[in-house]
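Structure first, commentary second.
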Amino acid sequence: MDLLGELVRDFLLVVHEPPYSGVFIAIISVTISTISNLAMKRFADMRRLRRYQLEIKQYQELQRKAQETQNEKLLRKVRRRKAYIDRIQKEMMTSRCKPYMIFFIPFIAIFTLLRGFYTNADGTPSVVAVIPFNVHKLIPLTAFGAGIPTAAGFGMFFWSFYFLMGLGLSSVLQRAMGTQLM
C-alpha cells in the first residue's frame with residue numbers, strides 16, 4: 001500500500017469539488033501572482049520605473065494644460081518632450097514585460113494542467129466554485145461559457161473563477177509588494 005499515493009489521490013479528490021476547489025484555485029492564483037510580483041521586484045528597477053511614471057504623469061498634465069490654453073510656448077515644450085516620453089514609455093513596457101516572459105511558459109503549463117483537471121470526462125468544464133447569487137440573471141451573457149446556474153447560485157468554471165481570483169487579488173498583492181505603478 002502506497003501511503004503517499006493514497007494521500008495524493010485523496011487530496012485530488014477533495015480539491016476537485018466545491019468548496020475546496022475554489023480554495024485550491026485561489027491559493028494557486030495567489031501563489032502565481034506572488035511569484036510574478038517577486039520576479040518584478042527582482043528583475044525590474046522599480047525606483048526608475050516610478051520616476052518614469054512620475055515624468056509621464058507630469059508630461060500628460062502639461063499636455064492637457066497646453067491643449068486647454070492653446071499656449072504656443074507650452075505646445076512647443078510638449079512637442080519637444082514627446083520623443084523622450086515615448087522612449088521611456090517603451091522602456092517601461094519592456095522592463096515590466098521581461099520578468100513575465102521568464103515565467104510565461106510555466107504559468108501557461110500550470111493553467112493548462114489545472115484546466116484539464118477541472119474538465120469532466122465528457123469534455124465539459126466542471127463547476128469549481130458557486131457564487132451565492134444569480135449572476136446570470138443580472139448579466140445574461142455571463143452564463144455563456146463562464147459557468148452555469150445551479151440551485152445554490154451561479155456555478156463558475158475553472159477559467160472564469162481563476163481569472164476572477166487573479167484580477168481581484170493581483171492588484172492587492174501588487175500594492176502590498178510595491179510593484180504597482182499607476
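The values are calculated or read from the model by the stated rules, or taken from the named source; none is laboratory data. Predicted model only: the values in this text are computed from it and were never measured. Note that we place each Cβ from the backbone using ideal geometry, even for glycine, and neighbour counts take in every protein chain shown.
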Region 149-182 - residue that is of a type in the set (Val, Ile, Thr) and over 18 Å from PRO132 (Cα atoms) and, of those, farthest from the chain's Cα centre (by Cα): THR179
Considering only region 111-147, how many residues are under 23 Å from ILE28 (Cα atoms), surrounded by 14 or more Cβ atoms within 10 Å (Cβ to Cβ) and among the aliphatic types (A, V, I, L, M)? 7
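Quick check on region 43-56. Is at least one of its residues over 16 Å from GLU91 (Cα atoms) and at pLDDT 90 or above?
No, region 43-56 contains no residue that is over 16 Å from GLU91 (Cα atoms) and at pLDDT 90 or above.
Residues that are without any contact (Cβ under 8 Å) to a residue 60 or more places away in the chain, at least 3 per element: which strands (runs of 3 or more DSSP E) completely within region 121-181 meet that?
Working: elements: 127-131, 147-150, 153-157.
So the answer is 147-150, 153-157.
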Suppose the filter is more than 18 Å from LEU38 (Cα to Cα), out of contact with any helix residue (DSSP H, G or I) (no Cβ under 7 Å at 6 or more places or on another chain) and at pLDDT 85 or above; does THR124 pass it? yes
